[in-house]
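The values are calculated or read from the model by the stated rules, or taken from the named source; none is laboratory data. These figures come from a predicted structure and were not determined experimentally. Because the Cβ atoms are built from the backbone with ideal geometry, glycine has one as well, and the counts that use them run over all protein chains shown.
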Amino acid sequence: MNVYQLKNASGMSLKFLDYGGAVTELLAPDRHGLLGNVVLGFSDPQEYLKPQPYFGAIVGRYSGRISNARFELDGFVHELSANNGKNSLAGGYKGFDKVFWSVEASGSSARLQYTSADGEEGFPGTLRTTVTYTLTDNNEFRIDYEATTDKATVLNLTNHSYFNLAGEGNGSVEGHLLTIQSNRVLEVDAELIPTGKILSVEGTPLDFRKATTIGARIRSSHPLIRNAKGYDHSYVLSGGTEPVLAARAYEPTSGRAMEVWTTEPSMAFYTGNFLDSSLLGASGRQYRQGDAFTLEPRRLPDSPNQPAFPSTVLRPGEVFNATTVYRFHTDAGSSRE
């Protein structure tokens, strides 16, 4: 296993592994210019080989859940690995987070490549995927995805970094202010499988169109919050060929802010609901429920079984492209946003 480091001219740095492409450290400045690690993870790379919740990893072939671990495409039924009850989650038992990627890294950018064999975890087609990590001089962590296939398949890629803008190991993120540029969210059942309905966030605890602390309504009795034991929901975005603003998080103590820009039509917001204190992070501190959040731009979960959702089918001759940018800045000396 190899560790790679990227740096930009502003002093930010990012470390990642060839195993799963896992981002293990992302140093970003606070309002005083002091760098701190803002992602959860381990100091020992060998810890990533043990059971852990996708810390910083590339997730594929299919991010999110596919109901009943099966889907039909062009008249053929494809049976997938059922690694989440009766459902498939994050690509199966050996998704893209559990394979070694070939890496070419230099300076502020790295290109990661992996070829997934036809039938891997039940998915059709030999899939060739390239993921490019770049630290720009504007303090952006940019991720570009590209993929091709030799058979019709389905594809949904993202990065599963867990963020705490107060710094890794510094406790709950419930005091972070969050804005999400979306007025619609997927309805899910008790197994977190989409029902097919897209709901308005109006009047619900899932409405983050105005900056609201993550913890303000996380203990709501709303069924979507109860089913997920917090936030674990897919917001519908506009999508497009150029990245647009999807979300903004701000942490008052450090003054750090992070914007999420993406071309993707959906974004998962998750509050680390399954962190149960069994894992010790790079700081040597326990990771508990609510100690981080993820903002994961991607396609909609279970789309292969939801005809009304935008298609996630990739065919021979087509190229899958997607871009997500995590842009960091501070409030420049003020304790208020």
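State whether the residues of region 16-23 include one that is hydrophobic (A, V, I, L, M, F, W, C) and either without any contact (Cβ under 8 Å) to a residue 24 or more places away in the chain or surrounded by fewer than 17 Cβ atoms within 10 Å (Cβ to Cβ) (or both). The answer is no; no qualifying residue exists. Taken over region 111-149, the criterion of being charged (D, E, K, R), touching a residue at least 60 places away in the same chain (Cβ under 8 Å) and farther than 22 Å from TYR162 by Cα is satisfied by GLU121, ASP137, GLU146.
Tallying residues that are outside any loop (DSSP other than H, G, I, E, B) and hydrophobic (A, V, I, L, M, F, W, C) within region 167-195 yields 6. If you filter region 56-71 down to residues that are surrounded by fewer than 24 Cβ atoms within 10 Å (Cβ to Cβ) and of a type in the set (S, T, N, Q), you find that the one that is farthest from LYS15 (Cα to Cα) is ASN68.
Return the residue satisfying two criteria in turn: it lies in region 242-270 and is buried (at least 20 other Cβ atoms within 10 Å of the Cβ) and among the aliphatic types (A, V, I, L, M), and of such residues it is farthest from the chain's Cα centre (by Cα). This residue is ALA257. Between GLU202, GLU191, the distinction of being out of contact with any His (no Cβ under 8 Å at 6 or more places or on another chain), surrounded by fewer than 18 Cβ atoms within 10 Å (Cβ to Cβ), more than 30 Å from GLY36 (Cβ to Cβ) and without any contact (Cβ under 8 Å) to a residue 60 or more places away in the chain belongs to GLU202 only.
Given the condition among the β-branched types (Val, Ile, Thr) and more than 21 Å from ARG285 (Cα to Cα), answer yes or no: does some residue in region 28-51 qualify? Checking region 28-51: not a single residue is among the β-branched types (Val, Ile, Thr) and more than 21 Å from ARG285 (Cα to Cα).
Take the conditions closer than 23 Å to THR241 by Cα and either free of Cβ contacts under 8 Å to residues at least 40 places away in the same chain or touching a Gly at 6+ places or on another chain (Cβ under 8 Å) (or both) and apply them to VAL99. Does it pass? Taking the combined requirement at face value, the residue does not satisfy it.
I'd like to know if region 155-166 contains one or more residues that are under 22 Å from ASP302 (Cα atoms), at pLDDT below 95, touching a helix residue (DSSP H, G or I) at 6+ places or on another chain (Cβ under 9 Å) and part of a loop (DSSP other than H, G, I, E, B). Don't jump to the end; show me each part of the working.
If we filter region 155-166 for residues that are under 22 Å from ASP302 (Cα atoms), which is where we start, we get 155-161.
From what's left, at pLDDT below 95: none.
Checked region 155-166: no residue is under 22 Å from ASP302 (Cα atoms), at pLDDT below 95, touching a helix residue (DSSP H, G or I) at 6+ places or on another chain (Cβ under 9 Å) and part of a loop (DSSP other than H, G, I, E, B).
The set of residues from region 125-142 being surrounded by fewer than 19 Cβ atoms within 10 Å (Cβ to Cβ) and touching a Leu at 6+ places or on another chain (Cβ under 8 Å) comprises THR130, THR132, THR134.
Please verify whether THR294 is in contact with a His (Cβ under 8 Å, 6 or more places away or on another chain) and either in a loop (DSSP other than H, G, I, E, B) or surrounded by 17 or more Cβ atoms within 10 Å (Cβ to Cβ) (or both), treating the condition exactly as stated. So THR294 fits the description; yes.
With ALA82, ALA57 as the choices, which residue is over 25 Å from GLU146 (Cβ atoms), modelled with pLDDT of 95 or more and touching a helix residue (DSSP H, G or I) at 6+ places or on another chain (Cβ under 9 Å)? When all the criteria are applied, what remains is ALA82. Is it true that some residue in region 56-63 is farther than 27 Å from THR136 by Cβ and touching a residue at least 40 places away in the same chain (Cβ under 8 Å)? Among the residues of region 56-63, at least one is farther than 27 Å from THR136 by Cβ and touching a residue at least 40 places away in the same chain (Cβ under 8 Å), which makes the answer yes.
Only one of the listed residues (SER172, SER182) is surrounded by fewer than 23 Cβ atoms within 10 Å (Cβ to Cβ), over 17 Å from ALA257 (Cβ atoms), in contact with a strand residue (DSSP E or B) (Cβ under 7 Å, 6 or more places away or on another chain) and of a type in the set (Gly, Ala, Ser). That residue is SER182.
For VAL236, the conditions (1) buried (at least 16 other Cβ atoms within 10 Å of the Cβ); (2) over 18 Å from PRO310 (Cβ atoms) all hold with the exception of (2).
Is it fair to say THR115 is part of a strand (DSSP E or B), within 18 Å of the chain's Cα centre (by Cα) and at negative phi?
It is false that THR115 is part of a strand (DSSP E or B), within 18 Å of the chain's Cα centre (by Cα) and at negative phi.
Scanning region 307-328 for residues that are out of contact with any Asp or Glu (no Cβ under 8 Å at 6 or more places or on another chain) and either free of Cβ contacts under 8 Å to residues at least 12 places away in the same chain or surrounded by fewer than 19 Cβ atoms within 10 Å (Cβ to Cβ) (or both) returns PRO307, ALA308, PRO310, SER311, VAL313, ARG315, GLY317, GLU318. All conditions in (1) in a loop (DSSP other than H, G, I, E, B); (2) on the phi < 0 side of the Ramachandran plot hold for GLY91, with the sole exception of (2). With respect to the conditions (1) in a strand (DSSP E or B); (2) farther than 20 Å from PRO301 by Cα; (3) of a type outside the set (Phe, Trp, Tyr), ALA147 falls short on a single one, namely (2).
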